[in-house]
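Enquirer: Structure provided below as structure tokens; questions to follow.
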Amino acid sequence: MAAKPMKPPMKPEDVLQVVAAARGDAICVPTMTTSPAWRTIAPDDLSVGCVGFMGGASSLGLGLALARPDRRVIVLDGDGSLLMQLGSLATNAGAAPRNFVHLLFKNGVYHTSGAQGIPGGLSVDFVMMAKGAGYRQVLSIDSLDEFKRRLPELLRAEGPVFVELHTGLADQTPMTARGGVPFPEQVETLRVRLVRPRPTG
Amino acid sequence: MPESIPATLIIETLKDTFRDARAALAKENAEPSRHDHLGWILSVPDTHQKTVLAALDKEESIRVVTCATEDEATAIGAGLYMGGEPVVLMIQHAGLYASVNTMRGVAMDGKVPMFYMVGLLSREKDKDPRESRHSMVRYAEPLLDTFGVPHARLEGPNDVHLIPEYYRLSRSRRGPAVVLVGLETS
């Protein structure tokens, strides 16, 4: 019997476009290879990149989600990054923020440092790990159409939600597209936006 | 000679610290908090401060989030800071060593205020920590000095005023500040 042909992985930039279109006023936390594309696709003041502490994106997002239960927080994580702080799955699930959506861009490599394979490569089952850690809703998506169709419901669902996205390599990495707003400025801009009410009128 | 600090005294001091922090936020014209509790403790359980952690379990005015690593605690603390919530990290010296890159990236280079209470487990009562026979005790202050992180020792009940002082210092410097808990809390 012929093997079922593999679906081509989703382009990360296409996935991010879908997120940008559906997010509303959600806070977004990109990291590593989602960062350069995200700052082009969504150059706003409601995002903060995890820069300089690889593996910390979901923890940064958890803190935001706990502080601001009135807003949705979307983490745009990578598989190599998550492996660096795998225990964060249990911490996120244990804290149980209802407004927390953890999107994992799974490509099997450390793209930024030269596309070396992550330990275990694509066979690592993050869905099972997130489920085991206690996320409320966990799924895997391998087509852009399905992601487009399901994202609105996932953004309304009771979290923490975890979605493993089967993606290819982004066009740019933080090494090939340097720049962007420095992390301290991102932090203060987002803080001002979140804690200080905008003037009315 | 250093003395053990009662958990109740530390918790009351933390409550005052959080009240002051909320008052300072109000002066910034900040939106009111979405929470009823005073503030957050991010903890990777520390044997040295276990009586405080046990008492915090029964304390409704402070929310404790137990983290798997000190790296996570630091990044979660940054998220809470951005959301306008007062937060204190309670960890052990071993966790300070384990998470020093995240402290550097988030609190130092990232200029995120981060206040740590670090337990000096195995610190000898009759020795200055820098003279300890335990490397984990001995290296804590030199490590903080190397990174230029302001720090102070809580050597007894009379030193708890350092908790709000160093909390405020972390805010005014926009970076890390540490108090080292000298003896196991009681």
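Enquirer: B:D145 to B:N101: FRET efficiency via 1/(1 + (r/R0)^6), r the Cβ-Cβ distance, R0 22 Å, to the nearest 0.05?
Expert: Working: r = 17 Å, r/R0 = 0.79.
For B:D145 and B:N101, the calculated efficiency is 0.80.
Enquirer: If you don't mind, another one. Taking the Cα-to-Cβ direction at A:S143 and at B:S135 and moving 7 Å from each Cα, how far apart do the two end points lie in nm?
Expert: With each label point 7 Å from Cα toward Cβ, the separation is 5.6 nm.
Enquirer: Taking the alpha-carbon centroid of each part, what is the distance from the range B:109-186 to the range A:173-191 in angstrom?
Expert: If you average the Cα positions of each part, the centres end up 30 Å apart.
Enquirer: Treat the count of other C-beta atoms within 10 Å as a stand-in for reagent exposure and order A:S143, A:S59, B:S132 from fewest to most.
Expert: On the way: A:S143 14, A:S59 34, B:S132 17.
Lowest count first: A:S143, B:S132, A:S59.
Enquirer: Need one number: % antiparallel among DSSP beta bridges in the protein assembly as shown, to the nearest 5.
Expert: Values: 2 of 49 bridges.
Expressed as a percentage, antiparallel bridges in the protein assembly as shown total about 5.
Enquirer: Add -39500 (n - 2.57) for each DSSP H run of 4 or more in chain A, then divide by its residues: what number comes out at 222 nm, to the nearest 500 deg cm²/dmol? List each step's numbers first, then the result.
Expert: Details: 8 runs with 78 residues, N = 201.
Dividing the helical sum by the residues of chain A leaves -11500 deg cm²/dmol.
Enquirer: So how do A:K7, B:K50 line up by other beta-carbon neighbours within 10 Å, fewest first?
Expert: Values: A:K7 9, B:K50 14.
Ascending number of Cβ neighbours within 10 Å: A:K7, B:K50.
Enquirer: Quick one: give the max-minus-min coordinate of the C-alpha atoms of the range B:27-107 along each principal axis, largest first, in Å.
Expert: For the range B:27-107, the Cα extents along the three principal axes come out at 38, 33, 19 Å.
Enquirer: For the range B:3-103, state which GluC sites (Glu not before Pro) are in a DSSP loop and have at most 12 other beta carbons lying within 10 Å of their beta carbon. Numbers along the way, then the final one.
Expert: Details: sites: B:E3, B:E12, B:E28, B:E59, B:E60, B:E70, B:E72; in loops: B:E3, B:E28, B:E59, B:E60.
Sparse-neighbourhood loop GluC sites (Glu not before Pro): B:E28, B:E60.
Enquirer: For A:I41 and A:A157, compute 0.36 nm times the residue count separating them, minus their Cα-Cα distance, and round to one decimal in nm.
Expert: Values: separation 116, 0.36 × 116 = 41.76 nm, distance 2.44 nm.
Once the chain is fully extended between A:I41 and A:A157, it gains 39.3 nm.
Enquirer: For the range B:103-149, what class follows from the C-alpha gyration tensor (a ≥ b ≥ c being the square roots of its eigenvalues): rounded when a/c is under 1.5, otherwise prolate if a/b is larger than b/c, else oblate?
Expert: Details: a/c = 3.49, a/b = 2.37, b/c = 1.47.
Cα axes put the range B:103-149 in the prolate bin.
Enquirer: Dividing the alpha-carbon Rg of the protein assembly as shown by 2.2 N^0.38 Å yields what? Show your work: numbers first, answer last.
Expert: Numbers: Rg = 21.4 Å, N = 387, 2.2 N^0.38 = 21.2 Å.
Normalised by 2.2 N^0.38 Å, the Cα Rg of the protein assembly as shown equals 1.01.
Enquirer: Work out the P(r) tail for the range B:7-181: percent of alpha carbon pairs separated by more than 28 Å, whole number. Mind dumping the intermediate values first?
Expert: Details: 2443 of 15225 pairs.
More than 28 Å apart: 16 percent of the Cα pairs in the range B:7-181.
Enquirer: Here's something else I'd like to know. Note the direction-averaged projected area, equal to a quarter of the hull surface, for the Cα convex hull of the range A:71-201, in nm². Spell out each step's value before the answer.
Expert: Working: hull surface 40.7 nm².
Averaging across all directions leaves 10.2 nm² for the Cα convex hull.
Enquirer: In square nanometres, what is one fourth of the surface area of the convex hull spanned by the alpha carbons of the range B:109-186? Each step should come with its number before you reach the end.
Expert: Numbers: hull surface 20.9 nm².
Averaged projected area of the range B:109-186's Cα convex hull equals 5.2 nm².
Enquirer: Arrange the following residues from fewest to most other Cβ atoms within 10 Å of their Cβ: A:E153, B:E155, B:E165, A:E164. Intermediate values should be presented prior to the final figure.
Expert: Numbers: A:E153 10, B:E155 17, B:E165 14, A:E164 24.
Sorted ascending by nearby Cβ count, the order is A:E153, B:E165, B:E155, A:E164.
Enquirer: Additional query: Taking only DSSP H segments of four or more residues, each worth -39500 (n - 2.57), what value at 222 nm results for chain B once the sum is divided by all its residues, to the nearest 500 deg cm²/dmol? Mind dumping the intermediate values first?
Expert: Working: 7 runs with 71 residues, N = 186.
Helix contribution divided over all residues of chain B: -11500 deg cm²/dmol.
Just so you know, all these numbers are worked out from the coordinates, no wet-lab data involved. These numbers come from a predicted model, not from an experiment. Please note: Cβ atoms are built from the backbone with ideal geometry, for glycine as well, and neighbour counts cover all protein chains shown.
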